[in-house]
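This report refers to the structure that appears directly beneath it.
The values are calculated or read from the model by the stated rules, or taken from the named source; none is laboratory data. None of the values given here were measured: they were computed from a predicted structure. Virtual Cβ from ideal backbone geometry, glycine too; neighbours counted across all protein chains shown. To get the accessible areas, we keep the full protein, side chains included, count just its heavy atoms, and leave off ligands, DNA and RNA. Shrake-Rupley method; radii C 1.70, N 1.55, O 1.52, S 1.80 Å.
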Amino acid sequence: MLNFIGQILPYLAGGIFIAGMGWRLWTWLRTPVPFKMTLSPAPVGTAQRFIKIGQELLIFKTLRQSDRRLWLWAWMMHLCLAAIIGGHITGIYFLGQQFTALGLSINESVKLSTILGSLSGILIFASLVALLYRRTSNAEVKRLSDPADYFDILLLLAVVISGLHMRLTSLEVDLPAIRTYLGSLMTFKPVSTPQNWIFISHYFLVNILLAYLPFSKMLHMTGFFVNKAMMTATPPVYPSSLNASNISAFRKGGVSE
Amino acid sequence: MKPPMHVAKETDLAAIGFAVSPLQEQQQKTVGKLNELVNAMRSLSVIMETCTKCGICANQCHSYLGTDDFNNIPAARADLVRRIYKRYLTLRGKYLGSYVGAEEFDDQTLTKWLTYFYQCNECRRCARFCPFGIDTAEVTIAARHILSELGIMPKFMQGITANMIKSGNNMGIPKPAIIDCAEFMEEEIKEETGLDIKIPIDKPNSDVLYIPSSADFFTNIDTMIGAAKLFYKLGLNWTISSSILEAANFGLLFNLKVMSEHNDRMKEAALSLGAKLVIQGECGHGWRAAKMYSEGVNGPIPFEIIHILDFCALNLDNLQLRKLPLRVTLHDPCNYARAGEICEQPRQILRACVDEFVEMTPNRDENFCCGGGSGILMDEMMEIRMKLGKMKADQVKALGKIDYLAMPCSICKAQIPNVLSHYGIDIANMGGVMDLVGKAIVLNE
């Protein structure tokens, strides 16, 4: 079992994640855009377009405009998620010493890394609980929700709780050993899986999340970009030399896709 | 469950080249057509997968706010299609069923579609406020298209399409009546200004083809008169065409093939008259269909297409306008402000034409729909239409005394007066923006 979780599942989950996301993106991008979907007012020029999408991506601008409370929790959740992903990559790779680059001592850097990680973990936990509460307490959202919508939050919560468990209890995790192990996975030179059950439980849940993600609504992160790209496209200018699409849904006698 | 509108009968459908699918084929055909559209429209395929059910759209949709019906929440409305999509077109829906929100196709499915997709005004306000920009109007367009392909459509849509085929306009005005009406308007102008201003019909070798809404030859003649005066002042060689005396394109509102045929008609008329410029009259969705859809479905387009308000705003410096002593507000037609890049132009024109211009709140791309959008003008749906117009009524009420409500779209012009009288709001005059241009323009120096 440990062997499966440590040596086989990561490749399986990683493979499903990459293939699943790739397949999703490919099915969208191969689908034609027969009509411009621009939502007026259209941004003028590439710079404005990037700013418009960037504001949505970084500060959730329209959400902030329409519902401050949801915005706070949703934004904090995503911000912490980004911090946690970044923190995992740098923290594990540099063993917490990444902030020495900013002039801190090794001790200080490890301490700061721990504080930031714990803080992000606690805040994302709080935001997920708040979002779960909103889903059950807002009558409209509750009725809109399918079981899978709850499962997604609960899965994230499970990942976060198991992660916080490592952080906040006295159970020390051997970070160098984990680094060696993860490195070995990536270079396909297997070493034995660290025998720490707290780590294993967290790690297992992350793998499940990765494999599940392309088939869940957490896919909205890719949908966001594909949709926003369409919504900010430059509107048609006439005269236009573009040839008509010949899709049967839009023209009598058109070609069936 | 009974749909809230009169549904077209088999003989009606035959008149416009549609047929009813037998009951036992409905499920298979629905799924087949849905699959076809998901593979033909990237927007739809993304929308089917991207909603997180955050519920933000609920409080941004005038349809839900006015009717308080759960299925009018944009996310819930889109789910009517999404549930079928998941069940029949995704593996997880097939095997996990209601856990992921999949639902079996049953004898109520299409009735629900007919009922609720005809309570969506395709106004795109949900797209404006959705964190991912999910545009429920795309799902509505797709669902109505599928319904019509199965021979299910409101009698209203069928009737308008039959008129379009027969006469080249939605009102069913035959050419002799068009000529009569143009002469009547010419006389009106002559009486008012003393000038011989022509409204040319099918005049060959015209530089400009003007495509008004047919209602401008019927109930909203001041809009047409305003346009005629503008063209006269600018010295244009222009004409209207009896083969397409209709800016509205109801195909966009129930069947995409009919939509492309309408745009073909525009293209043929412009080419046969030799027009280098097509000016579209005051019609919201018709402008969206012409501007946003022609390129992709009817291209190549060898002439320019511009909206009358854009054209007028560009030429403001060449016009002499006297300010009318009126307090005026503007209702932004959804398809201008959210789908057609017409937003500041009517404001520029109104500021030049009247003493006092006031904004309603919210406005521009955040404006609420009048509740008639996407062709929901059926008499039998009046009760629902009034609920759909509730947010608009509240907006207008908040402004206090208004002398003129400018609503440069024929559907808005048909809906808003009903809404305001229903909610007891008294406004002296309402109409297009070109109506005011016609009254403010100085023709004899």
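Things to note:
- Crossing angle, helix B:256-273 versus chain B [Cα axis fit, 0-90 degrees, rounded to tens]: 30
- Euclidean distance of C-alpha centroids, segment A:214-234 and segment A:19-44, integer Å: 7
- Difference of contour (0.36 nm per residue) and Cα-Cα distance, residue A:187 to residue A:126: 18.3 nm
- Placing R0 at 25 angstrom, the Cβ-Cβ distance between residue A:173 and residue A:8 gives a FRET efficiency of 0.65 after rounding to 0.05.
- Globularity ratio of chain B, using Cα Rg and 2.2 N^0.38 Å: 0.99
- Residue A:21/residue A:154 FRET efficiency (R0 25 Å; Cβ-Cβ; nearest 0.05): 0.70
- Largest first and in whole Å, the equivalent-ellipsoid semi-axes of the protein assembly as shown read 54, 28, 23, each the square root of five times a Cα gyration tensor eigenvalue.
- Efficiency of FRET from Cβ geometry, residue B:15 and residue B:276, R₀ 35 Å, rounded to 0.05: 0.45
- Here residue A:165 sits with roughly 70 square angstrom of accessible surface, probe radius 1.4 Å.
- Sorting the segments A:148-154, B:145-151, B:188-194, B:205-211 by their mean number of nearby beta carbons within 10 angstrom, highest to lowest, gives B:145-151, B:205-211, A:148-154, B:188-194.
- Residue-averaged 222 nm ellipticity for the protein assembly as shown, from DSSP H runs of 4+ at -39500 (n - 2.57), nearest 500: -17000 deg cm²/dmol
- The distance linking segment B:369-392 with segment A:83-128 is 55 Å (Cα centroid to Cα centroid, whole angstrom).
- Kirkwood-type radius of segment B:1-89, with distances r between different C-alpha atoms, in Å: 15.5
- Where A:53, B:199 fall by accessible area, highest first, once all protein chains stay in place (1.4 Å): A:53, B:199
- Percent carbon-and-sulfur accessible area, chain B, ignoring ligands, DNA and RNA, probe 1.4 Å: 51
- Protection proxy ranking of B:236-249, A:68-81 - average other beta-carbon atoms within 10 Å, highest first: B:236-249, A:68-81
- Sparse packing (at most 15 other Cβ atoms within 10 Å of the Cβ) combined with a DSSP loop state is found for the following chymotrypsin sites (Phe, Trp or Tyr not before Pro) in segment A:168-223: A:188.
- Taking every residue in B:252-260 and counting other chain Cβ atoms within 10 Å of its Cβ, the average works out to 3.
- A DSSP coil position with no more than 14 other Cβ atoms inside 10 Å describes the following GluC sites (Glu not before Pro) in segment A:88-175: A:172.
- Under 18 Å from residue B:323, Cα to Cα: lysines that are on another chain or at least 8 residues apart: B:229, B:233, B:439
- Among B:426, B:317, B:222: highest mean-square fluctuation, GNM of chain B, C-alpha pairs under 10 Å: B:317
- Take each peptide in A:131-137, B:99-105, B:286-292, B:55-61, count the other Cβ atoms within 10 Å of every residue, and average; sorted highest first, the result is B:286-292, B:55-61, B:99-105, A:131-137.
- Computed about its Cα centre, the charge dipole of segment A:138-197 is approximately 180 debye, with only Lys, Arg, Asp and Glu carrying charge at their Cβ.
- For segment B:15-51, residues shielded by at least 50 square angstrom of accessible area compared with the chain on its own, probe 1.4 Å: B:36, B:39, B:40, B:42, B:46, B:49
- Buried accessible surface for the B/A chain pair comes to about 6100 Å², total over both chains, computed with a 1.4 Å probe.
- Counting only alpha carbon atoms, the long axis of helix A:220-231 and the longest principal axis of chain A meet at about 30°.
- Expressed to the nearest 5 percent, the antiparallel share of DSSP beta bridges inside chain B is 10 percent.
- 10 Å Cβ neighbours from other chains, averaged over peptide A:145-151: 5
- Taking Cβ atoms as reference points and 10 Å as the exclusive limit, the residues near residue B:371 contribute a net charge of +4, counting Lys and Arg as +1 and Asp and Glu as -1.
- Principal axis dimensions, largest first and in whole angstrom, of segment B:321-440 by Cα: 42, 30, 24
- The distance between label points at residue B:398 and residue B:361 comes to 0.6 nm (points 7 Å beyond Cα on the Cα→Cβ vector).
- When +1 charges are put on Lys and Arg Cβ atoms and -1 charges on Asp and Glu Cβ atoms, the dipole computed for segment B:19-152 relative to its Cα centre reaches about 360 debye.
- Crossing angle, helix A:9-30 versus chain A [Cα axis fit, 0-90 degrees, rounded to tens]: 10
- Surface analysis of chain A yields an accessible area of 54 Å² per residue, using protein heavy atoms and a 1.4 Å probe.
- Charge sum, other residues only, whose C-beta stays under 13 Å from residue B:46's C-beta, Lys/Arg counted +1 and Asp/Glu -1: +3
- Counts of other chain beta carbons within 10 angstrom of each beta carbon in peptide B:298-305 average 6.
- Whole-angstrom gap from segment B:157-174 to segment B:404-435, using each part's C-alpha centre: 24
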